[in-house]
Each structure stands twice: as C-alpha cells, then as structure tokens.
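**Student:** Dropping the structure in here first, questions after.
The values are calculated or read from the model by the stated rules, or taken from the named source; none is laboratory data. Note that the structure is a prediction, hence the values are computed from the model and not measured. Virtual Cβ from ideal backbone geometry, glycine too; neighbours counted across all protein chains shown.
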Amino acid sequence: MIVLGIESSCDETAAAVLSGESGVLSNIVYSQESTHARFGGIVPEVASREHLAVISTVVRRALAEADVERSSLDAVAATRGPGLVGSLLVGWSFARAFALGRGLPLIGVNHLEGHLFAPFVTIETPPPFPFVALIVSGGHTSLYLARDFGDYVLLGRTRDDAAGEAFDKVAKMMGLGYPGGRAIDALAAEGDPRAVAFPRGMKGRGRLDFSFSGLKTAVKLYLERSGGSVVPADVAASFQEAVVDVLVSKAFDAVEARSVGALVVTGGVAANSGLRRRMEEEARARGIRLYCPPPALCTDNAAMIGWVGLRRLEAGRLPGLSGGVEARLLL
Ligand code: KG4
Ligand code: ZN
C-alpha cells in the first residue's frame, strides 16, 4: 500500500509518500516562516495564498523524491482540521481534486491524530494501547488517553495559551523574532534556569489542565521592571524551565492516574531540548517508555498524516469524498 499525505493546516505546506512495507519514502516540508516573520506572527490570508502558490510543486517533489508514479498510489490522506480554515481548504481541496482525478480514496486526517502518532512513523513497534499522549504545539497543549485507533479521551488542555504560543510571545517580547521556540531553546542553553522564579500555572492542583498566560505576563512584567539589567539567557532559561516543569509534572500525573506504561510527547514544542531531557530523565526514573518523534517530525509535516492514512487504509476504514474541512474538529 502506498499513500500520499498532504498537510496544510497552518504555515507549512507539506507532502509525503509512505509505503506500508518501507515506511517514509519522502517527506517534503515547505515552511512559510520567513514570509510571516516580518509580521511577527502568522497572517492567515497570506498563509492561504502561499499554500496555493506552492502546493503542486511540493506534491510533485514528494512523488519524485519517493520515485513513485501517481498510478502506483493507493490513497491520498490529507489534514481536514483543526487549523486555519483558509490554509486547510487549500490542502484539502487539492487532495480531493487529486484523488477524484485518479479514482483514489481520500482519507481525512485529524491534525492532532497525526501529531499523536508522529513518534511511530520512524519506529518498528509502537507501544500497545492504552498510552498517554501530550500534544504540545503552537496551537494546542492537551493530554489524551489513547485507548485505540480513533478512541481518544481528552484528559486536560490549556485554558488559555498553548505552550508554543507562550514560547513565541515571550520570544517576541525579547526581540528574538518569530517563531521563537527554537531561539529560546538555543538561548536557554546558555542561561541559569533558577535565575528568575517564574510562576508554574495550575501546577499541583490535581487537575490536568494547563495555563500559560500568567507566565507570559510575569515575563513581560519582569522585563519591564528590570530595565537594562536583564540577562536574556537567564530569562529564556527560567521561562523554559517554568514551562517544562508544568508539562513534565502533568504528563506524569496523567500516566500515574491512568496506570499506563507509555507516554507520547509530540508537537512542535516536543522539539525543545530542555523538555526532551527532563521527560527522558523522569521516564527513566519511573520506568515509563517515552516516545518522542525526531525533531523534524515534532513540527508540522505530512509524514504523520500519511502514517495515519496508511493505518486507516490497511484497516479498511475509508470514508467517501464528501465533506469539507473541519476547522474546529477535536479528537
Ligand atoms: O506543531 P507545530 O509545527 O504547529 C502547530 O500545530 O501548532 O508547532 C509549532 C510551535 C511554535 O510555537 C514553535 O515556536 C514551537 O512549536 N517550537 C518550539 C521549538 N521548535 C518549535 N518550542 C520550543 N522549543 C523548540 N525547540
Ligand atoms: Zn501541528
């Protein structure tokens, strides 16, 4: 079985080709980062137009790099939601037309379901269900209990900002550009995580929800009050430590509460080196198996969408071509 995966929910135009036997044959990601950087954030209309300009080239490259003819494809899998509605429409409409033109089944994939399974794209044996998954990205910070394919229980979510959004906003305040997660990660490596005691939102209250807006405000106030005496690396390290503390403690609270033996940590923020290190230490100490995708599969990509499509194709769970994008679809 060979599947073409397409992802366009935010500001990455991505296409990948996956084979049931050989795994990922190609994985192309075109990032619009430089386009949006000058606006300090994503401009949805600009994102849709750029998706439109590059999507055929990205798909063509994915097929060429995989050395797969269109006639060899068995299905097309595309992100149906959640995401920016204009961006989703471009990828989904392209995928529909592509599938219709070749008489292929079209599989609509939930973007979060893609992230959830991203660690398994590159490994032979995924853990058995059930397991806990922390999806931590620019748009989401949520904990799920994955009971089976398509059977996910939401355990907790952010009440305000997503963790990645907090990284991006703090980076902007510090003049580190957009998106700022990677820049904070790099700067934090040179700073003291105990230099500033930033708040840990909703920590230790026995609940699995998150809150990052208070932390963001605390960093803003700290920067305003400290004036010229700020050590940027210390602020970055202390901010990152506050986010990591909360993510680690809630993820393992969920693992304990649900008595599972495996934890998935995925989404753009899962590329953070501080978070990965702390998750690994904690998992080792508790004897929990940790599954974190390689950094390139943490951020948005089409390999994770194709992977879910492939599993669904193998299971024979194929919907028809009807339906549009689902911008607020939740797991
Ligand atoms: O998963 P993703 O590509 O898009 C969404 O579905 O939201 O995640 C993007 C987010 C951005 O907020 C970005 O700043 C953050 O992931 N990010 C990081 C790192 N790399 C990307 N945050 C912290 N440390 C990183 N190394
Ligand atoms: Zn994402």
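**Student:** Residue pairs, Cβ under 8 Å, 6 or more apart or interchain, first in the range 289-313 and without any contact (Cβ under 8 Å) to a residue 40 or more places away in the chain, second of a type in the set (Asp, Glu) and not in a loop (DSSP other than H, G, I, E, B). List them.
**Tutor:** Leu290/Glu280
**Student:** Take Glu69 and tell me if it is surrounded by fewer than 20 Cβ atoms within 10 Å (Cβ to Cβ) and free of Cβ contacts under 8 Å to residues at least 40 places away in the same chain.
**Tutor:** Taking the combined requirement at face value, the residue satisfies it.
**Student:** List, please: which pairs have Cβ atoms under 6 Å, are six or more places apart or on different chains, and start with a residue in the range 1-27 that is closer than 20 Å to Leu88 by Cβ and end with one that is among the aromatic types (Phe, Trp, Tyr) and part of a strand (DSSP E or B)?
**Tutor:** From the range 1-27, the pairs are Thr13/Tyr30.
**Student:** I'm checking my understanding of the structure. Among residues of the range 192-210 that are small (Gly, Ala, Ser) and at pLDDT 95 or above, which one is farthest from Leu155 (Cα to Cα)?
**Tutor:** Of everything passing the filter in the range 192-210, Ala195 is farthest from Leu155 (Cα to Cα).
**Student:** Need the failing condition index for Val230 against (1) touching a residue at least 24 places away in the same chain (Cβ under 8 Å); (2) closer than 23 Å to Ser273 by Cβ, just the number.
**Tutor:** Single failed check for Val230: (1).
**Student:** Scan the range 28-48 for residues that are without any contact (Cβ under 8 Å) to a residue 12 or more places away in the chain and either crowded, with 21+ Cβ neighbours inside 10 Å or among the hydroxyl-bearing types (Ser, Thr, Tyr) (or both) and report the count.
**Tutor:** Looking only at that region, the number is 1.
**Student:** Shifting gears a bit: Residues that are within 21 Å of Leu116 (Cβ to Cβ) and small (Gly, Ala, Ser): list the helices (runs of 4 or more DSSP H) wholly contained in the range 1-104 that include at least 3 such residues.
**Tutor:** Because the criterion is at least 3 residues that are within 21 Å of Leu116 (Cβ to Cβ) and small (Gly, Ala, Ser), the helices (runs of 4 or more DSSP H) in the range 1-104 that meet it are 85-102.
**Student:** Next question. Test Leu116 against the criterion of being in a helix (DSSP H, G or I), closer than 24 Å to Ala75 by Cα and within 16 Å of ligand 2 (Cβ to nearest atom), and give yes or no.
**Tutor:** Yes; evaluated as a whole, the condition is true for this residue.
**Student:** Taking the range 1-39, which residues are of a type in the set (A, V, I, L, M, F, W, C), within 11 Å of ligand 1 (Cβ to nearest atom) and at pLDDT 95 or above?
**Tutor:** Within the range 1-39, Ala14, Val29 qualify.
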